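K.L.:
Before I ask anything, let me first share the structure, which is written out below as structure tokens.
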Amino acid sequence: MMEGESGMTKALKVERKKKGGFFRDVARNKFSYLIALPAILYVFIFSYLSYPYMALAFQRYNYKNSTVWGVLFQGDWCGLANFKFFFNSQNAFRVTFNTLYLNILFIITGTVMAVLLALLLNELRSRKFVKTTQSVMLFPNYISWVMVSYILLSLFSTQYGVVNQFLRSIGLSGVNWYTNAGAWLGILVVMRIWKGAGMSAIIFLASIAGIDTSLYEAAAIDGANRVQMMFRITLPLIMPTVVIMTLLSLGKIMYGDFGMIYALVGDNGTLYSTTDIIDTYIFRALRQVGDMSQSTAIGLFQSVIGFVMVYGSNWLARRFYPDGALY
């Protein structure tokens, strides 16, 4: 009887602890939560409070009804007409394909290069050199895409670009890069790797730092070399982090990097066949037509596809690789 009462008492204590756990944790780590407060407020204001405005995707937008009450209860509902505008457009397939294709290239090449950089840096023994290299790799991440566009202009300018001057110096003719749509797939991929791989590599390096060093010691005793340790210990143990980062990237597979594409390509129509994405298409439509409802409809379409991609890819990961699933 006493054992039963003791068990019930423990269960009640655990339940009370769960109920007060969050507030007790806030009181214990108030400064940590205070640091996170700006990010929490940002997400709450610009994400959750904007949910009612998704109704604009099913309405004809009227500036007079711009409040939440006006959008929800006084809007001119038009069903799926705004979605039909996009899907019936002759550009719908092109921008959707470009968005998916570019993002798949970014995810694959960016992840591979970031993991490779992290593995190589982990093998270096000079800590001073590693820290210097990390700083150099992180520097491009803090350069704006506008500055990168001028760097590209200095490289690929038709008359004075470094690349064309080099081609002419070896007896070849210069190339008009800003009218060569096919070349920009490679240019965008390289610039994305140059700017973002360093930051991603830091995340994987942090994951590598958490690996138990006794595993490497045991492998060395068994006669394994550094390459074998890399592929048999380091890479398998950071794969859950790689999978999770990939799943998070898949959630934005329908969202192109607007800042990157618009800064590097701009309104250069000759490059639209390979570089025009949904985000730049929405921006041009909003700028030229000024219809908020059509832009909202396309944005909602992107969000739904992103949700399906995250949920579906996470289901596959949970089924075939549970260690890398988000939940």
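K.L.:
Quick check on region 181-193. Is at least one of its residues open to solvent by 30 Å² or more (accessible area, probe 1.4 Å), touching a residue at least 24 places away in the same chain (Cβ under 8 Å), assigned by TED's automatic domain parsing to the domain that holds Val112 and part of a loop (DSSP other than H, G, I, E, B)?
P.N.:
yes
K.L.:
Are any of the residues in region 154-168 within 24 Å of Val136 (Cβ to Cβ), among the β-branched types (Val, Ile, Thr), free of Cβ contacts under 8 Å to residues at least 60 places away in the same chain and out of contact with any Gly (no Cβ under 7 Å at 6 or more places or on another chain)?
P.N.:
Yes: region 154-168 contains one or more residues that are within 24 Å of Val136 (Cβ to Cβ), among the β-branched types (Val, Ile, Thr), free of Cβ contacts under 8 Å to residues at least 60 places away in the same chain and out of contact with any Gly (no Cβ under 7 Å at 6 or more places or on another chain).
K.L.:
Suppose we filter region 58-103 for residues that are touching a Gly at 6+ places or on another chain (Cβ under 8 Å), in a helix (DSSP H, G or I) and modelled with pLDDT of 80 or more; how many remain?
P.N.:
Result for region 58-103: 5.
K.L.:
Looking at Gly174 and the list (1) at pLDDT 90 or above; (2) assigned to a loop (DSSP other than H, G, I, E, B), which single condition is not satisfied?
P.N.:
All conditions pass for Gly174, except number (1).
K.L.:
Sticking with this one: Confirm whether Ser50 is without any contact (Cβ under 8 Å) to a residue 60 or more places away in the chain, closer than 30 Å to Met245 by Cβ, out of contact with any strand residue (DSSP E or B) (no Cβ under 6 Å at 6 or more places or on another chain) and open to solvent by 50 Å² or more (accessible area, probe 1.4 Å).
P.N.:
no
K.L.:
Any residue that is small (Gly, Ala, Ser), farther than 24 Å from Met147 by Cβ, more than 21 Å from the chain's Cα centre (by Cα) and not in a helix (DSSP H, G or I) - is there at least one of those in region 209-216?
P.N.:
yes
K.L.:
Still on this structure, I have one more. Name the single residue, out of those in region 194-209 being out of contact with any Pro (no Cβ under 7 Å at 6 or more places or on another chain) and open to solvent by less than 20 Å² (accessible area, probe 1.4 Å), that is nearest to Ser273 (Cα to Cα).
P.N.:
Applying the filter and picking the extreme gives Ala197.
Rundown of residues vs (1) touching a Leu at 6+ places or on another chain (Cβ under 7 Å); (2) among the charged types (D, E, K, R); (3) surrounded by 15 or more Cβ atoms within 10 Å (Cβ to Cβ), yes/no style:
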{"site": "Ser273", "(1), (2), (3)": "no, no, no"}
{"site": "Ile278", "(1), (2), (3)": "no, no, yes"}
{"site": "Arg287", "(1), (2), (3)": "no, yes, no"}
{"site": "Gly290", "(1), (2), (3)": "no, no, no"}
{"site": "Gln294", "(1), (2), (3)": "no, no, yes"}
{"site": "Val304", "(1), (2), (3)": "no, no, no"}
{"site": "Met309", "(1), (2), (3)": "yes, no, yes"}
{"site": "Ser313", "(1), (2), (3)": "yes, no, yes"}
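K.L.:
Here is a follow-up. Which residues, taken from region 124-137, are open to solvent by 40 Å² or more (accessible area, probe 1.4 Å), assigned to a helix (DSSP H, G or I) and not basic (Lys, Arg)?
P.N.:
Phe129, Thr132, Gln134, Ser135, Val136
K.L.:
Determine if region 254-263 includes at least one residue that is in the same structural domain as Thr132 (by TED's automatic domain parsing), in a helix (DSSP H, G or I), under 22 Å from Pro322 (Cα atoms) and aliphatic (A, V, I, L, M).
P.N.:
No: region 254-263 contains no residue that is in the same structural domain as Thr132 (by TED's automatic domain parsing), in a helix (DSSP H, G or I), under 22 Å from Pro322 (Cα atoms) and aliphatic (A, V, I, L, M).
K.L.:
If you don't mind, another one. Can you tell me which residue is least open to solvent (accessible area, probe 1.4 Å) among those in region 223-269 that are in contact (Cβ under 8 Å) with a residue 40 or more places away in the chain and over 23 Å from the mean Cα position of the chain (by Cα)?
P.N.:
Step by step, filter region 223-269, then rank; the result is Thr234.
The values are calculated or read from the model by the stated rules, or taken from the named source; none is laboratory data. The shown structure was predicted, so the numbers you read here are calculated from the model rather than taken from an experiment. Note: ideal-geometry Cβ built from the backbone for every residue, glycine included; neighbour counts use all protein chains shown. Please note that ligands, DNA and RNA were not included when accessible areas were found on the heavy atoms of the full protein model with its side chains. Shrake-Rupley method; radii C 1.70, N 1.55, O 1.52, S 1.80 Å.
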